[in-house]
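Have a look at the structure below before the remarks.
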Amino acid sequence: MMTKEPYWHSVRLERDFCKGCTTCLKQCPTQAIRVQNGKAKILKERCIDCGECIRVCPYHAKKAVTDGFDKLSDYTYTIALVAPAFLGQFSKTEDCDLILTSLLYLGFDDVYEVARGAQEISKETRELLKGGELMTPCISSACPAVSRLIAVRFPNLIHHIIPLRSPMELSAEAARREAVEKTGLKPEEIGVFFISPCAAKATAVKDGVTVKETHVSGVIAMKDVYLRLAQKISTIQEVKHLSSAGSIGTLWATSGGEASASGTKRWISVDGIDNVIRVLEDMEDDKLTDIEYVEALACPGGCVGGPLTAENNFVARSRINRICETLPEECGGIHQEIPRAWDGAPVYRPVMKLNENLETAMQMAMEMEDILERLPGLDCGSCGSPNCRTLAEDIVRGYAEETDCIFVTRERLRELLRHVSEHHIELPNQD
Amino acid sequence: MVFHYDVDGNDFTLAGEISSKVKKRLKQLGLPPEVIRKVSIAMYEAEINMVIHANGGAIDVEVTPQAVHITFADQGPGIPDLEKAMQEGFSTASNEVRELGFGAGMGLPNIKKNSDNMTIDTKVGEGTTIKLVINIA
């Protein structure tokens, strides 16, 4: 098992590429970015690794830190743990066996489909839901960015998250156990590498917040794998029969997939982080009274829309749908006795809180309102905070000044000039 | 700490906006999640009531270290039979309103359920004032 850092983040800034524009600033769903001295800065307590900034940055200055292929050599036996979205990446083929076999050419000894774990989680969810054991509407625990969003912004919804492990974690443990039986090697000699569509999964493996212990040895970006395989895949002659997942698990790659396998018709499928926030707001106000299952995915279209995928999410979805028509509904699930339950709910992290002391917080909040009155309300981001309200917040927290607002500064300069001309004050010579 | 809001009558799309704003502010104050939950549910219901029955009104929220006090005041038709209005499922909302998914008769009972103290002062033809207290500790 790996040691974990509490605030490890996959999403990072490439300082040299950053122009200090305000694109990422305004898209960040937790207001975790500021621009200071012409460069973006990610506030690590707030970042949920959704990867929205990676998606929108016009200068590619945001990247996701994942593992390289060199890490494979740390293990005697390696397994590619394949997210179902991977099957939708190739224009040349929809043959699952071929796509999975191609991974063996990259140095992996075996492959294991996460769709198998997904099928098990679907089954478990159906049973829990049917047995009335879930707080409804329940929220799928599959998307780590959504779980972290809930942990920082929606503390009241933490208990609505389904208390099951992610398909990735369940599959990783199953894959390792299977390999131990097959090879006789020790568990630590087996490397299980997740082929990931997103940064959030990389963080889920490495941070100390999402899961306490992980069975994933490393996370490799799907686009890195794609780059090595795009040309090679059509030259592969000997195709092994490796596909062992059914459509129920594979459809988790696209939005609506896991929800439709939840066993209730009262489900909604929400994709894209802004839409997720809107629905969670409503849920917090008790408005979703006729809904039982909420599939909430941070990326547009679901995992196929992840920032580390190679293909656009619409095309990938079409391919996944076609592939699923050829698969049996259920297939090789996970038969080992492995816990399906998670190792604990996410912990509320009140990062928006102004101060530990309520009275101080109230004073700061009032001061914030006063400052906000003086700001122009344009939410232009030129000050380096995402909007006027956050600038007011940054000012009361002591991280910014009112004159960071260019409109406030302009107004003050005008006043100064007026004062100078009205009182016939002579300005010193410039030369 | 006091916040004042005016509720626009007859616009369902705006209903809920104020409770959402208040929720954000209470999160910044770091109030316990359970308090925030009660406030936002009670406020949303009361806001909807104001829009459906009273053509809008005003909301005042006062936060003290001990409790959140909310006052909803409108100049609407008033509640003729308060006892009935407090029963779950009782509603005088129009069909048009019901078609929008409101008016299920859960408003007042739900507001009461999500507060630690509720007082209603209503006069037919003059209006209604509801005062809520939600304790912090």
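The values are calculated or read from the model by the stated rules, or taken from the named source; none is laboratory data. Just so it is clear, the model here is predicted, and its values are computed rather than measured. No Cβ is skipped: glycine too gets one built from the backbone with ideal geometry, and neighbour counts run over all protein chains shown. Areas reflect the complete protein model, heavy atoms only, side chains present, ligands, DNA and RNA absent. Shrake-Rupley method; radii C 1.70, N 1.55, O 1.52, S 1.80 Å.
Details
- Considering each residue of segment A:211-223 in turn, at least one proves to be under 19 Å from A:Thr125 (Cβ atoms) and not charged (D, E, K, R).
- The residue that is least open to solvent (accessible area, probe 1.4 Å), counting only those in segment B:26-45 that are at pLDDT 90 or above and either charged (D, E, K, R) or over 27 Å from A:Val152 (Cβ atoms) (or both), is B:Lys27.
- Of everything in segment A:258-300 that is within 13 Å of the chain's Cα centre (by Cα) and surrounded by 21 or more Cβ atoms within 10 Å (Cβ to Cβ), the residue that is nearest to the other protein chains (Cβ to nearest Cβ) is A:Val276.
- Scanning segment A:405-430 for residues that are open to solvent by 60 Å² or more (accessible area, probe 1.4 Å) and either farther than 30 Å from A:Ala32 by Cα or touching a Gly at 6+ places or on another chain (Cβ under 9 Å) (or both) yields a count of 17.
- A:Pro350, sole failed condition from (1) within 14 Å of chain B (Cβ to nearest Cβ); (2) modelled with pLDDT of 95 or more: (2)
- Residue, farthest from the other protein chains (Cβ to nearest Cβ), within segment B:46-56, restricted to residues that are free of Cβ contacts under 8 Å to residues at least 60 places away in the same chain and open to solvent by less than 20 Å² (accessible area, probe 1.4 Å): B:Gly56
- Qualifying residue in segment A:387-403 (condition: over 28 Å from A:Ser122 (Cβ atoms), assigned to a loop (DSSP other than H, G, I, E, B) and within 14 Å of another protein chain (Cβ to nearest Cβ)): yes
- For A:Ile139, the test of being within 14 Å of chain B (Cβ to nearest Cβ) and within 18 Å of the chain's Cα centre (by Cα) is failed.
- Checking every residue in segment A:313-323 against the condition of being over 25 Å from the mean Cα position of the chain (by Cα) and open to solvent by 40 Å² or more (accessible area, probe 1.4 Å) gives at least one match.
- Qualifying residue in segment B:111-118 (condition: among the charged types (D, E, K, R), open to solvent by 40 Å² or more (accessible area, probe 1.4 Å), modelled with pLDDT under 85 and more than 30 Å from A:Met364 (Cβ to Cβ)): no
- With respect to the conditions (1) in contact (Cβ under 8 Å) with a residue 60 or more places away in the chain; (2) open to solvent by 30 Å² or more (accessible area, probe 1.4 Å), A:Thr254 falls short on a single one, namely (2).
- Single residue of segment A:358-386 satisfying the filter (surrounded by fewer than 18 Cβ atoms within 10 Å (Cβ to Cβ) and under 32 Å from the mean Cα position of the chain (by Cα)) that is nearest to the other protein chains (Cβ to nearest Cβ): A:Leu372
- A:Glu258 vs. criteria among the acidic types (Asp, Glu) and part of a loop (DSSP other than H, G, I, E, B): no
- Within segment B:9-42, tally of residues that are more than 8 Å from chain A (Cβ to nearest Cβ) and in contact with a Lys or Arg (Cβ under 8 Å, 6 or more places away or on another chain): 1
- Those helices (runs of 4 or more DSSP H) of segment A:10-106 in which 3 or more residues are surrounded by fewer than 18 Cβ atoms within 10 Å (Cβ to Cβ) and assigned by TED's automatic domain parsing to the domain that holds A:Ala174 are absent.
- Residue within segment B:62-73 that is at pLDDT below 80, open to solvent by less than 40 Å² (accessible area, probe 1.4 Å) and within 14 Å of chain A (Cβ to nearest Cβ) present: no
- Test: residue in segment A:335-350 that is under 30 Å from A:Asp97 (Cβ atoms) and open to solvent by less than 20 Å² (accessible area, probe 1.4 Å): yes
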